[in-house]
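Only one structure is covered here, and it is reproduced in the block below.
The values are calculated or read from the model by the stated rules, or taken from the named source; none is laboratory data. Predicted model, so just to flag it, every value in this text is computed and none were measured. Here the Cβ is made from the backbone with ideal geometry for all residues, glycine too, and neighbour counts use every protein chain on show. Each accessible area value is taken on the protein alone, full model and side chains, heavy atoms only, with ligands, DNA and RNA left out. Shrake-Rupley method; radii C 1.70, N 1.55, O 1.52, S 1.80 Å.
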Amino acid sequence: MEISSEQRQIVDSVQNLLADALPYDRFVPRPTPVPNADRAVFTQFGELGVFGLGLAEASGGVGYSLVEEVLVARECGRFLVSPAVVATMIGVHVAHFAGDRSHAEAMMRGGTPVAPALAFAPAATHFAGKYHLADAEGAEWALLWSEGGLALAHRDSWHGAQNMDSIDSTLTLTRVAVKDIMPPLRVPAANGLWRRAQLLVSAYLTGLAEAALDDSVGYAKVREQFQQPIGAFQAVKHRCADMLTRASVAWNSTIFAALTDQAEGPDADFQAIAAKILASDAAFRNAAVNIQNHGAYGFTGEHHAHLFVKRAHFLDRFGGDATYQKRRMLAANAPSSDAERSSPVDGLAG
């Protein structure tokens, strides 16, 4: 999809902010640990209108669509921004649809980030249970996700908080039990908001896959062996070409699913699930190949290549892993020949 000049301005503003505020070297291990720099950007995101981007102006938002939110989430994935950014974007919609405008507005300002919650049993149809919360320090809410829909659990609902070791050392992990949702900020699955959440996660994973590709290509141009860049070797060329293919397929699937959802297509659920599966696969495989292309250097803690793999594992679990997604796909309405003849992309410019 060719994005419009207005959409390009949104992407450029977010990209410029992240490039200046959150470069990859923030992950380099230091003798004295430094605070998570990602949260400092949330208020700037609030000033840019990122968290209210997809909410109608009448509801206090900016008035854009899911497509613009997907474009922003993709950029966040490129810079490995804390997954709390996606959870906060979704949390605004949950609070809005639940009728709590005051909390929705507070989240839009970026001052009350939402922690993404990974459920021990993502197929559950209720919200009570045990969760791992990512980057929950300073968060007022946790975003819970199940087949029953989406919910926001206030920190007063978290019990038995226990710090855990995280596969992604750049993220804190807190184990909690949620016994009830107080106040009851819930949105049922029938609302369709879960598709928006699914697609924002898919866009983040796609951005991650693209960033891993860019990292490999950049390194292949400057790393030399036998007096020539390693990018001149056929094996490296083929690996990078495969990375580009996977990232392109993931992005095309994600944006098509977003347009299908916007057009209220009958196969919107199917397309959202397909996008998550393809984006997760692209993120996993591109991240792994990126380490391979960097050689021994890519395995070191001083380099950021390994972080793509770890973050991909975390985001894959958010909303259910590939096995869970495939089970849901079997129950979703598959595209029909009529749907194929009337693509949601037809007639859209930009």
For this session: Using 0.36 nm per residue of separation minus the Cα-Cα distance, give me the extension gain between Ala128 and Ala58 in nm, one decimal.
Result: 21.9 nm
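Given a 1.4 angstrom probe, what's the average accessible area per residue across the chain, in square angstrom? Let's see the in-between values first.
Details: 15280 Å² over 350 residues.
Here the per-residue accessible area is 44 Å².
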Exercise. Which helices pass in the chain if a helix is a full DSSP H run, must span at least 27 angstrom along its long axis by Cα, and must have mean Kyte-Doolittle hydropathy not below -0.5?
Worked result: 193-222, 234-262, 268-294
Exercise. So which residue, out of Val222, Val72, Val289, gets the largest mean-square fluctuation from a GNM of the chain using Cα contacts under 10 Å as springs?
Worked result: Val222
Exercise. So, counting K/R as plus one and D/E as minus one, what does the shell of residues with Cβ under 15 Å around Val178 add up to?
Worked result: +2
Exercise. Considering only protein heavy atoms, what is the solvent-accessible area of Ser65 at a probe of 1.4 Å, reported in Å² to the nearest 10?
Worked result: 30 Å²
For this session: Take the alpha carbon atoms of segment 183-237, find their center, do the same for segment 258-278, and report the distance between the two centers in whole angstrom.
Result: 20 Å
Exercise. Of all accessible surface on the chain at a 1.4 Å probe, what whole percent is carbon and sulfur?
Worked result: 52 percent
Exercise. At a probe radius of 1.4 Å, what is the per-residue accessible area of Phe256, in Å² to the nearest 10?
Worked result: 60 Å²
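Nearest 500 deg cm²/dmol is fine: what mean residue ellipticity at 222 nm does the chain get from its DSSP H runs of n ≥ 4 alone, each adding -39,500 (n - 2.57), divided by its residue count?
-17000 deg cm²/dmol
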Exercise. Label-point separation (nm) for Ser336 and Ala161, each offset 7 Å from Cα along Cα-to-Cβ?
Worked result: 5.0 nm
Problem set entry | Per-residue SASA entry for Ser169, accessible area with 1.4 Å probe, Å² rounded to 10 | 90 Å²
For this session: Give the relative contact order (percent, whole number) for the chain; include only Cα pairs under 8 Å separated by 6+ residues.
Result: 16 percent
